[in-house]
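A short write-up of the structure that comes next.
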Amino acid sequence: MTILSRRKFLHTSTAAAAATLASPIIARAQSDTIKVGGLHDLSGALDAVGVPMNQVFQMAIKEINEAGGLLGREVEAVIYDPQSNMSLYSQYATQMALRDQVDVVMGGITSASRETIRPIFHRYDTFYFYNTQYEGGVCDRNEITLGTTPAQTVARLIPYGMNLYGKKVYTIAADYNYGHITAAWVKRYVEENGGEVIETEFFPLDVAQFGSTISKIQGAAPDFVLSALVGTSHLGFYRQWAAAGMKSEIPVMSTVLGAGGSDQLILTAEEGNGITASFGYFEEIDNPTNKAFLERVAQEYPDKDWVMSEISEVTYEGMMIWADAVREAGTTERDPLLEVLTSGKAYDLPAGKVKIDPKTQHAIRDVYIAELQDQVFNIKESFPDSPPTDTQMVCDLVENPDSNQHFEISL
Amino acid sequence: MEKPVTRDPGFYVMVAIGLAVMFIAPVMLDLFTIMQITQYVVLSVFALSLGYIWGFGGILSFGQAAFFGLGAYTFAVASINMGSTTIPMVLAFVIPTLFGAALGYFMFYGRLSDVYLGVVTLVVALIFWKLINHTAGPEYSIGSARLGGFNGIPSIPTLHVPGDPSAWLDPGQMFQVFMGFLLVIYVALRFLIASDFGRVSISIRENETRSSLLGYDVRKHKVIVFAIGGGIAGIAGAMWATYQAFIDPNSVSMEMSAKALVWVMAGGVGTLVGPIIGCILLQWLTLQLGTVDVVNSIAVLGAIMMVLVLALPKGIVPTARSLLLGGYILWKRNQGQAISGKVVKE
Amino acid sequence: MDYTIVVALEMVRAVAWLVLLASGLAIIFGMMRIINFAHGEFLMLGGYTVVISTGHGVNEWIAMLVLAPIVVGIFGVLVERLVIQRLYGRILDSLLATWGLSMLMIGGVTMIFGNSVTGVATPLGGMSIGAYQVPRYNFVLIFAAIALLLAIWAVLKFTKAGLIARATMQNPDMSEALGIPTRWVYMATFGIGSAITGFAGALLAPLTGVVPTMGVNFIAQSFITVITGGASVITGTLSAATLLGSISQGMTFLTGPVYGDAALLLAALVLLRLLPQGITGRIFKKSL
């Protein structure tokens, strides 16, 4: 009740203020270019993930412009670097919404950054695309979420691993929201498949020494290790695991490794070999769209030191899907665009077929399981049209279009 | 020697500027710029807290963010549970003050000094940071507020008129209220520094042994100064929480503590205006750098810091002051007038 | 039984680890009262030296034991000449300047080498203790820590350079009056401290991901070890590392890494309250 009234209040008062002060800018923007905001960390702790996303984002815009722009206008990128800092995220989001008056924003990497900027875009009615794999549960009519969630990836990975290796699982996860929720999903899927999670351990994001854990895992002797470790400090685990000679003893699967497109390069081939992961995109996907896409990327960024990964490819998807909807709806207004987007249209993209689920505004997409070999992921299995069943449990935007929340899916 | 506050023209100038900004800005500027300046106002309060204990109490805290974060989290948890923001704002002052007093007691009665003091404050902030980062699981909630670990607490209520939780402040009003906070804190600190208490704390800063030989209880004094600084940082934290509508462990991070150090350092230790100016300048710069695509913004910021330390070791305000004073003396000399010894000394 | 041995080994490794991390910083802080906030980035530079040079075909061990200390040592001398020497006696300014340096280094390395460089694999593989596998590399770390402390001790105790260094440390003015060029001593000290840090970073490279921002994770631990240890380089570092390393590793085995870290910090806090000048400020006062 109070939240509603507050939002409404803010909404009316700020909209009024923005309208009186900024009307000339709006008028100019409409005759001039279509503005698209990009918020990815280009420096600081997350830059290894943010830089590729931003490059692919710019390439997508270039491609759209080369095809004649949108609605007869050129598409212009408005790019800020939040420097891996949540306060700057909130700053730049406000700046994009109020000052630059962008038509849509792509960006946000961690869930923390998304939860910082999502309410801002919601408040100022700036259409928002979040393109990263995450723990699921966002329910906001103003946001389109294209990345995979645990119900799409973990649900496939666990049975795959249990079939191959056995029923005793040891979970190690990053000590924050994503890690905790993923660990809960792992437990659920393991138990559903008749197995047992013998231990779940959480690690602060800055822990780099895993000696004691490796000993503990050996003591527990699981059939395989499921890792939801995140970030470069945690890469130490895979390295120390290999150093202890454990690679040949207990297999490792991961829900995150390779998500940013640089982990598999930082680890040497011997350290990474045999690690299995599941995402909505791998470079190896065999379809003509993907081949053409990778060729263009290689042309555009010949010196790139990253591998195309889910979150970068999905950033491209975000731009392409949005542009397609703009062409079809003939406007950049959010509501007509949403109508087109949720009409069940299937998009043919490098990752395969992608549809948008009207209930959650998340992607229904193909999901792949792949094994790392010599720094390259080789696809082992694919699962077409996987729906985000986790978010569907808590979110129904058709019923409650006013929802504006990140639900924690309780298991 | 400090002049009585009421006879210092600089004091009136500052208050006048503050009042002018407070009342004119919301009329003149657009919404985005107002929100922007609000940020500087909030962080200026934080800068003042360190500027006070360092410049006027000689206490160097490397972990000032501990109080900032404590205030922010106190406010967030209390306001989410109470649905009102008035009492949480008071709590955000009281709890960090008490914590500051306790930590101050622990340190000053343990005779910790200089670097060791810095490291203890740093360690305390680090412990906070570690523990608050560890609160991601659902079991860590206080009342209806989930602490959220690394992701922090979202949806913190906006400030409202005391007693009427439905009368939320719009960004313009929030700016004015915060500006009011800043002015009140500035004025209060000026008077505190000029009071007997303030003079004693300055004498302790200058020479601890002599002060204690003169019969002042050095340790008690330091504890009080430290606690006041903690309380002010706590208020700043609460303002930050309600301004951003979210709070995360970054508010307790080493980076946040270090930022405050740099602001005070860049602006000038031993002044109150200096930390404010340092804060505004460097925050503005950080923001501008993020909009430039060419260079790595972290590298530029680092280079600027190094240059600042090497070229302006005293800070902007004292350097400007002595330049102005030097110019004034030269000008007087050119006028052919005798310079009174008093002017030179001041 | 096997488990006990493995746990004990891990504890020793944790202690050795802290010794390696902190020694370079301890030398610089203990002798010059300069806080090098870019310490973590010096470690990072050591790591990068190993990764880049092995990428160009240099033998891993040569890169770790020879190249990294030399590169970072030279870099340290440059930093001392350009920045630090202007800041002697200004402990705080040196902190801020080196903090700026740390950001500059993070940004600079990102611009030059990019964000992702393939690391080096941990050499030597694993060995078994009963039912457990442990990396042989752990012994390299322990051995390196012991050798490092012995070397510092021998240099300080038996060489002329060590004598000069100790004299400068105890009373710089008197040493200057006796004709010791303290400026050169400081420069050499900073260079050697940096070289040791580079060495530690090189040993670290095969254990974690080598990225520009990796230094941040180590700076707090290094500092706390040095400050808790107090003024003496060897005894201070060793006693603080032993105490903090075993407490935190013990807690990690018992509960998990969060409380392990928190225990380390809490132990440091209590220690500083009891011994405000660090361990060697009260106990082992006359030691090196």
## Note on the structure
Taking the protein assembly as shown and counting helices only, DSSP H stretches of n ≥ 4 at -39,500 (n - 2.57) each over all residues, the nearest-500 ellipticity at 222 nm comes to -20000 deg cm²/dmol
#### Entry: Per-q log10 I(q)/I(0), chain A, q = 0.07 Å⁻¹ (Debye; single scatterer per alpha-carbon; no solvent)
-0.32
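Across peptide B:27-39, what mean number of C-beta atoms from other chains lies inside 10 Å of a residue's C-beta?
Per residue, the number of nearby Cβ atoms from other chains is 4 on average.
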### Message
Skipping prolines and chain starts, which residues have an amide H placed within reach, meaning under 5 Å, of the one on A:LYS353, given they are 5 or more residues away or on another chain?
### Response
A:ASP366
### Query
Using the Cα atoms of the stretch C:174-247 to build a convex hull, what is its mean projected area in square nanometres?
6.5
#### Entry: Radius ratio Rg over Rh of the stretch A:243-338, counting only Cα atoms, Kirkwood formula for Rh
1.12
### Loop-located chymotrypsin sites (Phe, Trp or Tyr not before Pro) in the stretch B:68-135 whose Cβ has at most 16 other Cβ within 10 Å (DSSP)
B:TYR109
## Note on the structure
With the convex hull built on the alpha-carbon atoms of the stretch B:197-255, volume per residue in Å³ sits at 100
### Message
Please list, in order along the stretch B:283-288, the HN-Hα scalar couplings obtained from phi with the Karplus expression 6.51 cos²θ - 1.76 cosθ + 1.60 (θ = phi - 60°), rounded to whole Hz, x for Gly and Pro.
### Response
5, 4, 4, 4, 5, 5
### Task
Could you let me know the centre-to-centre spacing of the stretch A:138-190 and the stretch C:194-210, using Cα atoms, in angstrom?
34
#### Entry: the stretch C:38-138 - convex hull of the alpha-carbon atoms, volume per residue in Å³
138
### Helix B:254-267 vs. chain B, principal-axis angle (Cα, 0 to 90°, nearest 10)
20
### Message
At 1.002 mPa s and 20 °C, plugging the Kirkwood radius over alpha-carbon pairs of the stretch B:5-253 into Stokes-Einstein gives what diffusion coefficient in µm²/s?
### Response
114
### Task
Please grab the % of Cα pairs in chain C that end up more than 33 Å from each other.
21
### Table column - 3J(HN,Hα) (Hz), the stretch B:326-331, Karplus curve with 6.51, -1.76, 1.60, x for Gly and Pro
x, x, 4, 5, 4, 4
### Query
In the P(r) worked out for the stretch C:142-288, what percent of Cα pairs fall beyond 17 Å?
69
## Note on the structure
Taking a crude spin-label model, label points 7 Å out from Cα along the C-beta direction, the B:VAL187 to A:GLU284 distance in nm is 7.1
### Query
Can you list residues whose amide H is under 5 Å from A:GLY258's amide H, if they're 5+ apart or on another chain and H is modeled 1.01 Å from N?
A:ASP263, A:GLN264
### Task
Give the long-range amide H neighbours of A:VAL104: residues separated by 5 or more places, or on another chain, with amide H under 5 Å away, using H modelled in the peptide plane at 1.01 Å from N.
A:GLY37
### Query
Pairing the Cα long axis of helix B:65-82 with the longest principal axis of chain B, what angle in degrees results, from 0 to 90 and rounded to the nearest 10?
40
### Task
Output the Cα-based Rg and Dmax of the stretch C:70-193 in Å, rounding Rg to one decimal and Dmax to a whole number.
19.9, 63
### Task
Can you tell me the equivalent ellipsoid semi-axes for the stretch B:107-211? Use √(5λ) from the Cα gyration tensor, largest first, whole Å.
36, 28, 10
### Query
What average count of beta carbons from other chains do you get within 10 Å of the Cβ of residues in C:254-265?
6
### Over the protein assembly as shown: Kirkwood hydrodynamic radius from C-alpha pairwise inverse distances, Å
30.2
### Task
Report the Stokes-Einstein translational diffusion coefficient (µm² s⁻¹, integer) for the stretch B:63-165, Rh taken as the Kirkwood radius over Cα pairs, at 10 °C with viscosity 1.306 mPa s.
107
### Query
Per 10 Å bin from zero, what fraction in whole % of the C-alpha pairs of the stretch B:235-300 is there, up to the bin with the longest pair?
19, 41, 36, 4
## Note on the structure
The Kirkwood hydrodynamic radius of the stretch A:151-279, taken as the inverse of the mean 1/r over all distinct Cα pairs, in Å, comes to 14.4
### Task
Quick one: what are the phi-derived ³J(HN,Hα) couplings along the stretch C:233-240, Karplus 6.51/-1.76/1.60 with θ = phi - 60°, whole Hz, x for glycine and proline?
5, 7, 4, x, 4, 5, 5, 5
### Message
If you average the C-alpha positions of the stretch A:323-357 and of the stretch B:233-254 separately, how far apart do those two centres end up, in angstrom?
### Response
39
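All of the numbers you see were taken from the coordinates with simple rules; none came from a lab. All of these numbers come straight from a predicted model, not from anything done at the bench. Virtual Cβ from ideal backbone geometry, glycine too; neighbours counted across all protein chains shown.
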